[in-house]
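Read through the structure below, which is laid out as C-alpha cells, and then see the notes.
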Amino acid sequence: ASTCKQDLLQKKKNAVLVDGVILNGPITDSKAGGKFVEEACKIIMEEIIQKADDVTEKVCEWRAPETLKKILDLEMRDTGESHQKLLQLCRDVIQYSVKTNHPRFFNQLYAGIDYYSLVARFITEALNPSVYTYEVSPVFLLVEEAVIKKMIEFIGWEEGDGIFNPGGSVSNMYAMNLARYKFCPEIKEKGLSGLPRLVLFTSEECHYSMKKAASFLGIGTENVYFVKTDERGKMIPEELEKQVQRARKEGSAPFLVCATAGTTVLGAFDPLDKIADICEKHDLWLHVDASWGGSALISRRHRRLLHGIQRADSVAWNPHKMLLAGIQCCALLVKDNSGLLKKCYSAKAAYLFQQDKFYDVSYDTGDKSIQCSRRPDAFKFWLMWKALGTTGLEERVNRALALARYLVEEIKKREGFQLLLEPEYANVCFWYIPPSLRKMEDGPEFWQKLHKVAPIVKERMMKKGSMMLGYQPNQGKVNFFRQVVISPQVSREDMDFLLDEIELLAKDL
C-alpha cells in the first residue's frame, strides 16, 4: 500500500496536464481487466461449453420481457458497476439466453457448437482486426483468400473471386447489384435515371432477402417476378421461361435469375441445370442462393442436390449453417475472375488503398466490399476446416441428413404424425394431430383447429425449456412443425425425444 501511494504521488508530481486531463500512463487497469477476462472466461466454460451436450439443461429459461428487464438491470449509470456485479450480469445473460448449442435446439437453420470455430472467434475478438488492407490484417486476408479458393473448387469453377460478408441476405444483395452492374456498368456513375425497367426472377419459395434487396437497390419489389414452384417447392423451369417472355413483351429488361439451393422452409433445391439453360438462352445472370444448401457440396453422397451449380455466375454459401462455423460466416462467390467485384464496388479511397505501398497492393481486398470495417469471418471456417479436414465436414453433412431420414421413418410409424412431404435435405416438415382431432372429417373446421396446435405446443415447450422447434404456414397449408437437423451434438435419442415431447405437450389439445 505504501509503495502504491508513493507511485501515485510521483505520477502527480510528474503529471502532464492538457485541459485538466492527466496524460501520464494509461487510464485502463490492465491487471484488473485481465482478471475480469479470466473470471468471465471461467463462467463461459462452466455455463456454456461444459453444458453444451447436457440434455438435462434447459434450452431456454423463459421470462416475459418486462420481467427480464428487471432481472438484468439494463440501466446504464454515471459510475461503473463493480467487477462482481458485472460477473453476475454475465451469468444472468447466459442463464436467460437461448442455448443454441443445446442438442434440442431445432428452431433455426443454425445450431450446435464447434469448438475450433469458437476458439477462432475468441482470437479474432481479442485481436479486433478489420479485413480491408494487408498492412492491418495480413494473416486474415491470406486465410480468406485460401478459403474462397477452396469453396470455388467445390462449386466446380476453375477460377473465381469472392468476399465474406455479414449474412446470406447481404450476399444476395451483392449478387443482385453485381448482376445489374454487369448488365449496365454506367449505373455506377449515372444512377437509375435513364435505365429501362429492370426485372429479375426468383421462385415463390425464395428467401425474403430478394425482395429486400430489390427495394434497397431501387429496383422495386414490383419488378421481382416470382416463378411458380411445384409441390416440393422447386422452381418450375417452364414457368420461368413464361415469365421471361412476359417481361420481354412488356418492354422490360430482364437481367437476373435467382435460384435457390435449399429453401428456408421445405429445404427444396431448384433444378439448376434447366434454369441455367434458360439463363444462357436469354443472356441472364444466374445467381444461386445456396446459403442453406451449399454445404451439401462438401458431401460426395449429397452434392448431387446442387447438380448444375457450376454453371452459376454467383453463389451465396453460409458455412455458419450446416457446417457450424459460427454466426456469421457467409461468402459470396463469383465465377468472373476479371475483377468485376472490385470494378462494381471500388471507391478508391486514397487514405486506405494507396497504390504506392511497399507491398503487393493486390492483397488490399477491401475495395471490392461494400463495407469498410469487415470481420475476419473466414478464419472461423478455416480453423475448423484445418481441424476436421474435408472428411470431417463431410461427416457432419452426412450424419445430419441420416438423422433427418431416421426422424422421417419414425414419424411414419407414429399415430398422429403426418409428413407434409418427403424431405430431400435436413428440413423435416410435419403436422401433429392430437387425439381429439383424429376422428374429425377433413374440412375447413379440421384445418382451422389444427392450425392452432403448433403455436400452443411451441409456447409450452419454450416455457418448459425442453426444446425449441419452429413452425409456420406455407403455400396455403396451415401451421406445421419444421424440424431442422444440424448439430453434431444431436443423436437418435434426441429425435425420439422430440416426437415424445410433442405428444406429451399436446395430449390435452
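The sole residue among LEU332, LEU352 that is under 25 Å from MET176 (Cα atoms), hydrophobic (A, V, I, L, M, F, W, C) and assigned by the TED database to the domain that holds VAL139 is LEU332. Of the residues examined, PHE226 is one that is modelled with pLDDT of 95 or more, open to solvent by 20 Å² or more (accessible area, probe 1.4 Å), within 20 Å of TRP292 (Cβ to Cβ) and of a type in the set (Phe, Trp, Tyr).
Taking the criterion of being open to solvent by less than 10 Å² (accessible area, probe 1.4 Å) and of a type in the set (A, V, I, L, M, F, W, C), the residues of region 253-283 that qualify are PHE255, LEU256, VAL257, CYS258, ALA259, ALA261, ALA268, PHE269, LEU272, ILE275, ALA276, CYS279. Every residue in region 347-404 that is open to solvent by less than 80 Å² (accessible area, probe 1.4 Å) and on the phi > 0 side of the Ramachandran plot, please. Of everything in region 347-404, just one residue is open to solvent by less than 80 Å² (accessible area, probe 1.4 Å) and on the phi > 0 side of the Ramachandran plot, namely GLY389. Collect the residues in region 150-179 that are touching a Cys at 6+ places or on another chain (Cβ under 9 Å) and basic (Lys, Arg), keeping them in residue-number order. Across region 150-179, there are no qualifying residues.
In region 463-490, the residues that are under 20 Å from GLU61 (Cβ atoms) reach residues that are open to solvent by 20 Å² or more (accessible area, probe 1.4 Å) and aromatic (Phe, Trp, Tyr) with C-beta atoms within less than 8 angstrom, at least six apart or across chains, in these pairs: LYS463/TRP62; GLY465/TRP62; MET467/PHE497.
Taking into account only those residues within region 50-72 that are assigned to a loop (DSSP other than H, G, I, E, B) and aliphatic (A, V, I, L, M), which is farthest from the chain's Cα centre (by Cα)? Steps first, please.
The first filter runs over region 50-72 and keeps only residues assigned to a loop (DSSP other than H, G, I, E, B), leaving 50-64.
Keeping just the survivors that are aliphatic (A, V, I, L, M) gives 52, 55, 59, 64.
Numbers: ALA52: 20, VAL55: 25, VAL59: 20, ALA64: 27 Å.
It comes out as ALA64.
Looking only at region 308-325, decide whether some residue is touching a strand residue (DSSP E or B) at 6+ places or on another chain (Cβ under 9 Å) and part of a helix (DSSP H, G or I). The answer is yes, given that some residue of region 308-325 is touching a strand residue (DSSP E or B) at 6+ places or on another chain (Cβ under 9 Å) and part of a helix (DSSP H, G or I). Would you pick out the residues in region 229-252 that are touching a Leu at 6+ places or on another chain (Cβ under 8 Å) and open to solvent by less than 10 Å² (accessible area, probe 1.4 Å)? Of everything in region 229-252, those that are touching a Leu at 6+ places or on another chain (Cβ under 8 Å) and open to solvent by less than 10 Å² (accessible area, probe 1.4 Å) turn out to be GLY233, VAL244. Within the set LEU393, LEU401, LEU388, the sole residue that is outside any loop (DSSP other than H, G, I, E, B), closer than 19 Å to GLY294 by Cα and in contact with a Leu (Cβ under 7 Å, 6 or more places away or on another chain) turns out to be LEU393.
Of GLY308, GLY294, GLY326, all but one fail to be surrounded by 18 or more Cβ atoms within 10 Å (Cβ to Cβ) and modelled with pLDDT under 95; the exception is GLY326. With respect to the conditions (1) open to solvent by less than 100 Å² (accessible area, probe 1.4 Å); (2) farther than 23 Å from HIS102 by Cα; (3) at pLDDT 75 or above; (4) not small (Gly, Ala, Ser), ARG63 falls short on a single one, namely (2). Considering GLN489, GLN483, the condition of being in contact with a strand residue (DSSP E or B) (Cβ under 9 Å, 6 or more places away or on another chain) and not acidic (Asp, Glu) is satisfied by GLN483 alone. Suppose we keep only residues that are touching an Asp or Glu at 6+ places or on another chain (Cβ under 9 Å) and not basic (Lys, Arg) within region 220-239. Which one would you say is farthest from PHE269 (Cα to Cα)? Checking each candidate, the answer is PHE226.
With the structure loaded, tell me whether LYS342 is outside the structural domain of SER117 (by the TED database) and either free of Cβ contacts under 8 Å to residues at least 40 places away in the same chain or open to solvent by 70 Å² or more (accessible area, probe 1.4 Å) (or both) or whether it fails that test. Yes, satisfied. Condition (residue is among the aromatic types (Phe, Trp, Tyr), closer than 30 Å to ALA454 by Cα, in contact with a helix residue (DSSP H, G or I) (Cβ under 7 Å, 6 or more places away or on another chain) and outside the structural domain of GLY162 (by the TED database)) applied to region 363-382: is it met by at least one residue? No - not one qualifying residue is present in region 363-382.
The values are calculated or read from the model by the stated rules, or taken from the named source; none is laboratory data. Just so it is clear, the structure is predicted and the values come from calculations on it, not from any experiment. Because the Cβ atoms are built from the backbone with ideal geometry, glycine has one as well, and the counts that use them run over all protein chains shown. Note: areas computed on protein heavy atoms with side chains; ligands, DNA, RNA excluded. Shrake-Rupley method; radii C 1.70, N 1.55, O 1.52, S 1.80 Å.
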